[in-house]
Amino acid sequence: MKNTKVFLKPETLSRLSNLEIRARLVVEGFITGLHKSPYHGFSVEFAEHRQYMPGDEIKHIDWKVLGKTDRYYVKQYEEETNLKSYILLDVSGSMLYGSGKVTKIEYASYLAASLTYLMLKQRDSVGLALFSDKILKYVPPRSVQTYLIHILREIENIEPQGKTNVSPAFHLLAEKIKRRGLVIIISDLFDVPDKIVSGLKHFRHKKHEVLLFHILDPYEVSFAFNKESVFLDIETGEEINTLPWHIRRDYRRQVKDMLYFYQKFCRENRIDYVLMNTETELDKALSEYLIKRKRLY
């Protein structure tokens with residue numbers, strides 16, 4: 001394949017029919033990029049290794065890795081690497097919006113599938129929860145490779161529904177997830193911010209690590225509509241007729257304030273917040289996951 005990195009582009013992925021193929025090509029493109037330029041001294045193919053430390057048995061050194069990196073790495077056993085991760089995917093009606101070729105729910109699905117593929121490749125356990133104003137599906141975490149098809153099937157069968165009411169779903173999930181792990185949230189966060197942060201606090205109270213991917217369409221940030229428009233609320237059906245340039249400045253200011261609010265809250269509560277729009281290449285998300293994962297070991 002001449003350029004696997006092209007499959008990190010959401011627009012390219014939208015032309016593929018199979019979610020498993022999409023996920024595999026995203027991860028392969030990402031790994032190719034890591035090979036070409038060192039990523040903070042860490043590469044996904046070494047996720048099953050840790051650096052050699054005094055006291056480790058020499059027989060466990062991976063000499064092939066030494067040849068590639070000039071560093072001593074020890075092969076870890078499965079119980080050493082098994083991180084439990086929970087992907088919480090927002091499937092509410094607002095996720096159906098898209099100003100371009102990829103809607104928010106399509107982008108979020110590519111992201112969730114790619115993360116699942118990468119996690120299982122590293123022998124991590126991964127589970128899935130689909131939510132809107134309630135929990136629609138919960139798949140407990142497992143680490144076997146055959147689990148990939150099961151999770152991808154759930155993602156492929158998503159039918160966005162309901163209003164975004166994040167707080168109740170977050171509180172229920174925080175109680176449902178008994179074993180501490182890494183909670184990965186993929187959502188447009190279309191709800192009252194104070195309610196959202198209440199749910200996020202619940203995860204932290206339960207000692208979970210949290211990685212939050214805030215998914216927005218570019219037009220939801222820029223409001224770059226240039227003619228009189230009728231705006232339809234996907235969740236309620238309500239319509240508003242307006243001249244975009246009359247409200248653009250106030251709209252952008254409010255969006256800026258909202259994003260700052262989430263960034264500040266997450267920073268203060270040790271939550272990793274990643275803002276992504278539906279045109280962002282997916283390697284950014286996979287990189288953020290690996291950074292978080294590396295910190296946990």
Does V139 fit the bill of being under 30 Å from T236 (Cα atoms) and either buried (at least 22 other Cβ atoms within 10 Å of the Cβ) or touching an Asp or Glu at 6+ places or on another chain (Cβ under 7 Å) (or both)?
yes
Among I149, I185, the single one that is of a type in the set (A, V, I, L, M) and either assigned to a loop (DSSP other than H, G, I, E, B) or at pLDDT below 95 (or both) is I149
P244, sole failed condition from (1) more than 30 Å from I135 (Cβ to Cβ); (2) at pLDDT 95 or above; (3) not aromatic (F, W, Y):
(2)
It is to be established whether one or more residues within the range 194-206 are assigned by TED's automatic domain parsing to the domain that holds N269 and at positive phi.
no
Counting only residues that are in contact with a His (Cβ under 9 Å, 6 or more places away or on another chain) and assigned to a loop (DSSP other than H, G, I, E, B), the range 99-146 contains a total of 0
Kindly indicate which of R204, R253 is under 18 Å from E268 (Cα atoms), part of a helix (DSSP H, G or I) and out of contact with any Ser or Thr (no Cβ under 8 Å at 6 or more places or on another chain).
R204
Would the range 132-145 turn up any residue that is under 25 Å from E28 (Cα atoms), modelled with pLDDT under 90, more than 16 Å from the chain's Cα centre (by Cα) and among the aliphatic types (A, V, I, L, M)?
yes
Selection count, the range 161-198, where residues are among the β-branched types (V, I, T) and loosely packed, with under 14 Cβ neighbours inside 10 Å:
1
Scan the range 214-231 residue by residue and report those that are over 21 Å from Y273 (Cβ atoms) and of a type outside the set (F, W, Y).
A224, N226, K227, E228, S229, V230
Residue tally, condition over 21 Å from the mean Cα position of the chain (by Cα) and either of a type in the set (F, W, Y) or assigned to a strand (DSSP E or B) (or both), over the range 207-250
11
Check on N277, surrounded by fewer than 18 Cβ atoms within 10 Å (Cβ to Cβ), touching a residue at least 24 places away in the same chain (Cβ under 8 Å) and within 30 Å of L120 (Cα to Cα)
no
Out of all the residues in the range 268-285, is one or more assigned by TED's automatic domain parsing to the domain that holds Y117, outside any strand (DSSP E or B) and more than 18 Å from the chain's Cα centre (by Cα)?
yes
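The values are calculated or read from the model by the stated rules, or taken from the named source; none is laboratory data. Owing to the predicted nature of the structure, the values given are computational and were not obtained by experimental measurement. Here the Cβ is made from the backbone with ideal geometry for all residues, glycine too, and neighbour counts use every protein chain on show.
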